[in-house]
Amino acid sequence: MKFHNFLISILIPIIIISCSKKDEKISLIKEDNLEMQMIEAYNEGLKEFNRGDIFFAAKKFNEVELLYPQSIWASRSTLMAAYAYYTQLYFTDAIIELQRFLDKYPNHPNTDYAYYLIAICHYNQIVDEKKDLGEIIKAKDYFNKLIGKFPNTDFAEDANFKLELIDEVLASKELYLAKYYLDREKWIPAMNRYKNIVDEYDTTIFVEEALYRLVELNYKLGLEDEAKKYTALLGYNYQSSIWYESSYKILNKNYNKTNLNTGSPEERSLIKKFKKLLE
C-alpha cells in the first residue's frame with residue numbers, strides 16, 4: 001500500500017509536466033501556422049472568386065480577417081469580399097462589407113475606393129422616377145462624401161458625372177409628381193414641384209418644361225406678371241425651344257413666329273441672374 005502511494009506521488013507530477021508540455025507545443029504549432037493559414041485562406045478565396053463561387057470566396061476572405069485581424073491582409077480581404085458580392089450584383093451584402101470596412105479602417109489608403117463602391121452599389125439599384133427615392137438619396141450622399149473627402153481622385157471625377165445623372169432622375173421624379181397633381185387640378189402642389197426643378201435641377205433637361213408649366217399655371221391663376229417672368233427666363237435661356245414658343249402663345253394671342261425675341265438689352269440684363277429672378 002505504501003509502495004502504491006509512493007508510485008502515485010511520483011507519477012502525478014510527471015503527468016502534469018507532460019500535459020503542460022503537450023499543451024504548450026500545440027499552442028506553439030497553431031501560432032507558428034497562423035500566418036500560413038491566413039495566406040492559404042486568402043489564396044483560396046481568390047481561387048474561388050475566379051471560379052465564380054463568390055459566396056465561398058467571401059467566406060474565405062472573411063476567414064483571413066478572423067485569423068489575423070492586425071495584418072494588412074485583413075482590410076484587403078474585407079474589400080475583396082465586398083467586391084466579390086458586387087460582381088454578382090449582391091449589392092446588399094457588398095454594402096454590409098463596405099460599411100464594416102469604413103467603420104474598422106477609417107484611415108485606410110483605399111477608403112476612397114470603399115466610398116465609391118458603396119455609392120455605386122446604391123446607384124445600381126436605382127430603377128426609375130416612379131420608385132422610392134431611398135437608393136437615389138443614399139447614392140447621392142456617398143458620392144458627395146467621396147467628392148468632399150477625396151476631391152482629386154479618379155473616383156471623384158466619375159462621382160461628379162454620376163451626380164449629374166442622379167439629378168436627372170430626381171428632376172424626372174419631380175416632373176412625374178407635378179403631372180400627377182396637374183392631372184387632378186391641384187395647381188399649387190403642381191407649381192411647387194415645377195419650382196423645385198427650376199431651383200434645384202436647373203441643369204437638367206426637364207427645366208424647360210418646368211418653366212413652361214409655370215407660365216401656364218400662373219397665367220391660369222391670373223398671375224400674369226409671374227407668367228411673364230417665367231416666359232422671360234425661358235426665352236433668355238432657351239430661345240429656340242418649343243417650350244418658349246408654346247409659352248409665348250399663352251401670353252400673346254396674336255402670336256406669330258416673327259414676334260419672338262429675347263427682349264430689349266435692359267430686359268435681358270435683368271434676367272442674367274437666373275435664380276435671383278425667382279426669389
Long pairs among 186/220; 145/173; 228/249; 138/162; 173/249, criterion Cα-Cα beyond 19 Å: 145/173; 173/249
Quick shape summary for the range 130-223, equivalent ellipsoid via Cα gyration tensor, semi-axes whole Å in descending order, reads 32, 13, 9
With θ taken as phi - 60° and the coefficients 6.51, -1.76 and 1.60, list the Karplus ³J(HN,Hα) couplings across the range 136-144 in order, rounded to whole Hz; mark glycine and proline as x. 5, 5, 5, 4, 4, 4, 6, 5, 5
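Computed from the coordinates by the stated procedures, all read-outs in this text should not be read as laboratory data. Computed from a predicted model, the values in this text were never measured in an experiment.
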